[in-house]
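Since the structure comes first, as structure tokens, the remarks are kept for the end.
The values are calculated or read from the model by the stated rules, or taken from the named source; none is laboratory data. From a predicted model like this one, the values you see are computed outputs, not experimental measurements. Using ideal geometry, Cβ is built from the backbone for each residue, glycine included, and neighbour counts are taken over all protein chains shown.
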Amino acid sequence: MNYKEKAKSAIIFGADGQLGYDVLETLTKLDWKIKAPLIKELDISDFEKTSKFIKEVKPDFVINCAAFTDVNKCESEIDKAYQINAVAPGYMAKACSELPTTVFVHFSTDYVFSGKNQNKPYTEEDIPDPLMVYGLSKLAGEQLIPIFCNRYYIFRLASLYGIKGPSGKPYNFVDIMLKLGREKGKVDVINDHIMTPTHALDVAEHLPKIITSNKFGLYNLTSEGYCSWFEFAQKIFELSKIKVKINPVSLEYFPSQFKRPRYTVLENKKYNSLFSKKMPHWTDALKNYLLLKGEYK
């Protein structure tokens, strides 16, 4: 389908973040009419101003890529976590519902699951049970949106990496590994958290077809397959041909304010049942990212 022939309009919140950057770039290339206010222009925690802005612009889509993702800070800044990850999306959904055709698009996380006693990927039907404030606040956002809005998409993502890097951080995990590998020649990497690393650009490039389909609801949307962070690091160094000594360590090796889940693999069950173009396997996604960075040897 040629999306340029069906160019839409959208507001993107969080367009300066890792996911938002790729979503903005992708939709701009498709000639979508985009408004992407930065936080200094419009703070989404100012609910009234945000709602007013949505109603004035009247876009086809409101795409919320903004989130409070610092899992450690969420534990100590609980109010902020819920304001940004739950209440703000609720207000956005309500504003969208008051417009005749506007669709709300929101992103959640694999951390809505605890990973306890889990040995198979989570589907959209599994019952969430977060271990920490970050996951709890994101789950609250998931639960608020359908209360206010019928035309919505919620996408659960996992272990994102992208060209822009996470907000407030200069590097994503892949870039950190490349940097430490070259500088130190050895790295300690967690080997008992199983997940699916996902390239933000893949999410962004699959997004237009899904959100213009009117097949609303909750979706898992990650790369296919899964690995530990240790295995992910191994593949990074293998593809970039950097010789590094990798030391596998447990989650407890890195002190944290909260208990991280050990298994957060998501299955794209709903997406795969409705759409023919699959998300790439995580190894292929990583290869494409390293090609973009000029690191694939």
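Results, tabulated for the structure shown:
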read-out	value
Filtered residues of region 71-104 (kept if acidic (Asp, Glu) and either touching a Lys or Arg at 6+ places or on another chain (Cβ under 9 Å) or crowded, with 23+ Cβ neighbours inside 10 Å (or both))	Glu98
Exclusive hit being over 25 Å from Ile190 (Cβ atoms) and among the acidic types (Asp, Glu), set Glu224, Glu267, Glu205, Glu231	Glu205
Filter result for Gly162 (touching a His at 6+ places or on another chain (Cβ under 9 Å) and either surrounded by fewer than 23 Cβ atoms within 10 Å (Cβ to Cβ) or free of Cβ contacts under 8 Å to residues at least 40 places away in the same chain (or both))	no
Residue count for region 250-297, restricted to those that are in contact with a Ser or Thr (Cβ under 7 Å, 6 or more places away or on another chain), part of a loop (DSSP other than H, G, I, E, B) and basic (Lys, Arg)	1
Answer residue from region 177-227, given it is part of a helix (DSSP H, G or I) and more than 18 Å from Leu157 (Cβ to Cβ) and is nearest to the chain's Cα centre (by Cα) among those	Met177
Residues of region 115-147 that turn out to be in a loop (DSSP other than H, G, I, E, B), at pLDDT 95 or above and polar (S, T, N, Q), as a count	1
Scan of region 34-45 for residues that are loosely packed, with under 14 Cβ neighbours inside 10 Å and either farther than 17 Å from Lys164 by Cα or not aliphatic (A, V, I, L, M) (or both), ordered by number	Lys40, Glu41
Elements of type strands (runs of 3 or more DSSP E) contained in region 1-78, each with 3 or more residues being out of contact with any Asp or Glu (no Cβ under 6 Å at 6 or more places or on another chain) and under 20 Å from Ser108 (Cα atoms)	9-13, 61-64
All positions within region 251-297 that are within 16 Å of Phe173 (Cβ to Cβ), surrounded by 14 or more Cβ atoms within 10 Å (Cβ to Cβ) and of a type in the set (Lys, Arg)	Arg260, Lys287
